[in-house]
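Engineer: Quick one: this structure, given as C-alpha cells, is what I'll be asking you about.
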Number of protein chains: 2
Amino acid sequence: MPAPTARSVTLDDVARAAEVSRATASRVLGGYGFASVDARDRVHAAADRLGYVPNITARALVRGTGVRLVVAVTGTDATVLDDPYVDRAVAAAARVCAPHGVGVSLEWLPLDAPAGLRRLDDRSVCGVLLVNTIAPVLDAVPAGLRGRVVSIGVGSPAVPSFDVDNAGGTEAVLRHLHAGGRRRIAMVTGPRWLSCAERSVTAYQRLMRAAGLPVRLVTGDFTAARGHRAALTALRRWPDTDAIYAVSDATALGVIAALRGRGIQVPHDVAVAGFDDIPYAAVSAPALTTATHPVARIVTAAASAVLDGRPVPPVTAFPSRLVARESA
Amino acid sequence: MPAPTARSVTLDDVARAAEVSRATASRVLGGYGFASVDARDRVHAAADRLGYVPNITARALVRGTGVRLVVAVTGTDATVLDDPYVDRAVAAAARVCAPHGVGVSLEWLPLDAPAGLRRLDDRSVCGVLLVNTIAPVLDAVPAGLRGRVVSIGVGSPAVPSFDVDNAGGTEAVLRHLHAGGRRRIAMVTGPRWLSCAERSVTAYQRLMRAAGLPVRLVTGDFTAARGHRAALTALRRWPDTDAIYAVSDATALGVIAALRGRGIQVPHDVAVAGFDDIPYAAVSAPALTTATHPVARIVTAAASAVLDGRPVPPVTAFPSRLVARESA
DNA sequence: GTTTGTGGTGGGAGCGCTCTCAGGTGTGCG
DNA sequence: CGCACACCTGAGAGCGCTCCCACCACAAAC
C-alpha cells in the first residue's frame, strides 16, 4: 500500500496568494478562457513563488481521463514479461506517456484467461496496449474499454492493430537466403498460438512451396534456450539443412550457439537469420542477419493513438526491412 | 491529452443495488469496519453482478497516495533510456506496482539539470526510483519528495540506496582473470561521472596496484559501439594487453566484436570479461564471462520499499557473483 | 434609452472514493 | 430497570481539481 505523500501546494493556495478565485487561477494555469493581464501575472507569480505543481490525480478524476496505460502481454506464464521486445515496448510507451503525467503498468494476461482484461476496466486506466495477443483476448475486451485498447499485433473489428509486416519481413529474409544459394531452409517458429508469429510461418510455407523447396518446421518460443534445442532437433531430422531462419533474434542466437557447439561453421555450413534486430544482433559472432522493424515507432504510434483518443484506422502496418550481416 | 473514458459502474451504483449506503458498501469492499453478514453478501453480489471495479484515481485522491512511480534515469541525453539495465528495472518496477494499481513512468533527468526532479514533486507521484544518478541530483531532491525517493546506485543521507556491490564483483572478475594467468589487464570504464561505475574503476586500480600490475584505463559509456572503439584504443596504446575487463556486458560484446575484427582469438590471445550478465552473455561467441547481480531483486526491493513507505536502511547492498564462461 | 455583445470574474457543483462521527439496535450485567 | 458495551449503519465532509454558468462592467449598435 503506497504511503500518503506530504501535503503540497494546492490551487487554492495559489488563488489565495494571487487574490483571485480558484476558477480564475485554474483558467490562467490551464490556459483557457479569459483572464486579465493583471490576474494572469499575479497567478503565475504566485504559482512560481509557491512552487505549485498541479495534482494530476485530481485532474484525472474530474476529467475522467485515467492516469495509467497498461501494457498487457499475453502468454503461458509471467516469463513473457522478460521478453526484450516487451521491455522495449514498455520503455517506448513510458516515454510517450510521461509528458501527460500518465504511468505505464505491465500486466501478464494468462493465455487461458482472456477475461483477465476485465480487471483493467477501471477509470484509472486510460488505455491498454495488447502485446502478443490472441483472438479470444480481443473478443473479451469489455465494452467499457472499447476505444481505449489497441493491439500490437493481431487486431479485430473492435480493436485496431499496429503491426509489423511479418510476412514481408519473412519474405525478405527468405529471398536473401535463396539468393545466397540456400535451398534446404529450416524454420524455428514462435509459439504456435501466437497468430502474428504464425503469419511468418504461413509466409515461409507459401514461399517454400512456390519455390518447390522442402518445408521444415520446428516449434520454438522466442527464447535463446529453446532456439538452441530447436537447432539440434532440426539437424537431427534433416542433416542436410543449409540454413535456419528463426522467428526471433534471441532464438537465432541460441541456434548459432548450438551450431557452434556442434562444430558447424556459420554461415559456411549453415546460414542463420533472425527477426527483430535486437541490439546484440550486431555484435554476435557472426553478426546476425535479421529483419528490423521499428518497435519504438510502432509502440509510440499505438500509445499516442490511445492517449489522443482519436479514431484509428483498423490496421496500421509497419514495414520490416532486411539487415544483411555475416550470418547469412 | 488522454480522452475521457466511458462512464463505468461506481460505488454508488453498487450501494443502491445492494440497498445499503455508500459507506457500508465501501466498508464491505474495503474489508474494514463492521458489516452484517447479510449486508456483506448483498454488496458482494451487487458488485459482482454490476462488474464493479474501484476507481483507483478517486481512491488515490482521497487517500493522497499517488498513482505512479517514476523511474528517473540520469544521463547526458535521452538515449540512456534505451539501456537494457533500465528496461529491466522498469519491467521489474512495473511488476511490483501493478497489483497496487500504480503505473510506472520513465523520465530522463539531464545530467546538467539536477533540479529536474522538482517537476516530480506532484502528489500523483507515489515514489521515485533514481537510476544511475549522481550526487547533485540527490542533493536536489525536493522536501516534498523526501521519503519517497530511493536510489539504485549511489545514495546520500537523505536518499537510501539499493546497490550492487560493484567493487566486490570487480574483484571477483579480476581474481578470475589473474587466476587464468592474465597480467596485463585493461579496463573499459563506464561514463566517468557515474560514481557507481567509478567504484568498479577504483576497485580495479586498487587491486592492480596491490598486485604490482599496470593500470590501463579506457573510458566507455556502457554501449557496444563504444566498447568496440575502446578495445581498438586499448590495443593501440598497449599492444601486449592480454585481457580486457569491460564494466558492462554490452561493452564487452562490442570489445569481442572488435577483437574478432582484428583476428584476435578470444580467450586465447585476449580474455574478455563483462559485468551484468545480460541474457545474450550466455549465447555470445565465445560465451561471455561476467558478473551477475540480481537487477530484478534490487528493483523489486527498492520499489516495494517506496510503495510501502516504511523507513528503509540507508544502504542495502546486493552481492555480485562471477559467472565464468568461455571468454575468460 | 434599450439591446446586444465581449472581456473578465467567481460561485459552486461534482468527479468517485474514504473515513469520521453520530447515531441506531440488541445483549449482558449490576 | 438502568447502564455499559458490544455490533452495525448512513449522513456527510472533503481530497484537488475542472468547468458550467450566472453575473458584472463596459462599449458598441440599434
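The values are calculated or read from the model by the stated rules, or taken from the named source; none is laboratory data. If you're wondering where the values come from, they're calculated on a predicted model, not measured in any experiment. All Cβ positions, glycine included, derive from the backbone under ideal geometry; neighbour counts span all protein chains shown. Accessible surface areas use protein heavy atoms only, side chains included; no ligands, DNA or RNA. Shrake-Rupley method; radii C 1.70, N 1.55, O 1.52, S 1.80 Å.
Engineer: Roughly what would the spin-label model give for B:Ala210 and B:Ala179, points 7 Å off Cα along C-beta, in nm?
Structural biologist: My value for the distance between the label points is 1.6 nm.
Engineer: Defining the label point at 7 Å along Cα→Cβ, can you sort the distances from A:Val215 to the same site in each other copy, shortest first, in nm?
Structural biologist: Spacings between copies for this position, smallest first, are 6.4 nm.
Engineer: Using the Cα atoms of chain A to build a convex hull, what is its mean projected area in square nanometres?
Structural biologist: Projected over every direction and averaged, the Cα hull of chain A covers 20.5 nm².
Engineer: Go ahead and run the numbers for FRET between B:Ala45 and B:Gln265, Cβ-Cβ distance against an R0 of 56 Å, rounding to 0.05.
Structural biologist: After rounding, the FRET efficiency stands at 0.20.
Engineer: If the label for B:Asp308 sits 7 angstrom from Cα along the Cα-to-Cβ line, what are its distances to the same label in every other copy, in nm to one decimal, shortest first?
Structural biologist: When each copy's label point is compared with this one, the spacings are 4.4 nm.
Engineer: Please give me the summed charge of the neighbours of B:Gly220: other residues whose Cβ is under 11 Å from its Cβ, Lys and Arg +1, Asp and Glu -1.
Structural biologist: Neighbour charge sum, excluding B:Gly220 itself: +2.
Engineer: For chain B, set up a Gaussian network in which alpha carbons nearer than 10 Å are linked by springs, and say which option among B:Ala230, B:Ala47, B:Ala98 fluctuates the most.
Structural biologist: B:Ala47
Engineer: Here's something else I'd like to know. Rounded to two decimal places and with Rh computed the Kirkwood way over Cα pairs, what is Rg over Rh for segment B:166-320?
Structural biologist: 1.01
Engineer: Could you tell me which of A:Gly309, B:Ala143, B:Val104 has its Cα farthest along the dipole of the protein assembly as shown towards the positive end, charges placed at Cβ (Lys, Arg +1; Asp, Glu -1), taken about the Cα centre?
Structural biologist: With unit charges placed on the Cβ atoms, the residue in question is B:Val104.
Engineer: Still on this structure, I have one more. Helix-derived [θ] at 222 nm for chain B: sum -39500 (n - 2.57) over DSSP H runs of at least 4, divide by residue count, nearest 500?
Structural biologist: It lands at -12000 deg cm²/dmol.
Engineer: Right, another one. Test of the criteria: in segment A:1-106, which trypsin sites (Lys or Arg not before Pro) are in a DSSP loop and have at most 12 other Cβ atoms within 10 angstrom of their Cβ?
Structural biologist: Listed in order of number, the matching sites are A:Arg7.
Engineer: Now for a different question. Placing +1 on the Cβ of each Lys and Arg and -1 on the Cβ of each Asp and Glu in the protein assembly as shown, which of A:Gly263, B:Asn132, B:Val28 has its Cα farthest towards the positive end of the resulting dipole?
Structural biologist: The listed residue farthest towards the positive side: A:Gly263.
Engineer: Another question about this same structure. Can you give the accessible area per residue of the protein assembly as shown, in Å², using a 1.4 Å probe?
Structural biologist: Spelled out: the 1.4 Å probe surface of the protein assembly as shown, per residue, equals 40 Å².
Engineer: Which one, A:Asp41, A:Asp276, A:Asp83, has the greatest fluctuation when you compute a Gaussian network model over chain A with C-alpha springs under 10 angstrom?
Structural biologist: A:Asp41
Engineer: Could you check the simple spin-label distance between A:Ala140 and A:Leu232, using points 7 Å along Cα→Cβ, in nm with one decimal?
Structural biologist: Here the modelled spin labels are 3.5 nm apart.
Engineer: To continue, here is another question. For B:Trp238, place a label point 7 Å out from Cα along the Cα→Cβ vector, do the same in each other copy, and report the separations in nm, one decimal, smallest first.
Structural biologist: 5.0
Engineer: Oh, and also: Between chain A and chain B, with a rotation axis joining them, whose C-beta in A is nearest that axis, and what is the whole-Å distance?
Structural biologist: Here the nearest residue and distance are A:Gly103, 1.
Engineer: Note the direction-averaged projected area, equal to a quarter of the hull surface, for the Cα convex hull of segment A:258-322, in nm².
Structural biologist: Taking a quarter of the hull surface, the average projection is 5.8 nm².
Engineer: Heads up, I need the accessible area for B:Arg237: 1.4 angstrom probe, whole protein in place, Å², nearest 10.
Structural biologist: Accessible area of B:Arg237: about 130 Å².
Engineer: Let me ask something additional. Size of the dipole of chain A about the Cα centre, Lys and Arg at +1 and Asp and Glu at -1 on the beta carbon, nothing else charged, in debye to 20?
Structural biologist: 320
Engineer: How many angstrom separate the Cα center of segment A:120-138 from the Cα center of segment B:149-169?
Structural biologist: 36
Engineer: Regarding the protein assembly as shown, what's the average projected area of the Cα-atom convex hull, expressed in nm²?
Structural biologist: That works out to 32.5 nm², a quarter of the Cα hull's surface.
Engineer: With each label point set 7 Å from Cα along the Cα-Cβ vector, what nm distance links B:Val37 and A:Arg310?
Structural biologist: 5.9
Engineer: Using a simple charge model, +1 on the beta-carbon of Lys and Arg, -1 on the beta-carbon of Asp and Glu, nothing else, what dipole does the protein assembly as shown show about its Cα centre, in debye to the nearest 20?
Structural biologist: That gives the protein assembly as shown a dipole magnitude of about 240 debye.
Engineer: In addition: Rounded to the nearest 5, what % of the DSSP beta bridges within the protein assembly as shown are antiparallel ones?
Structural biologist: Looking only at bridges with both residues in the protein assembly as shown, the antiparallel portion is about 10 percent.
Engineer: For the protein assembly as shown, which whole-number percentage of the solvent-accessible area (1.4 Å probe, protein heavy atoms only) is attributable to carbon and sulfur atoms?
Structural biologist: 55
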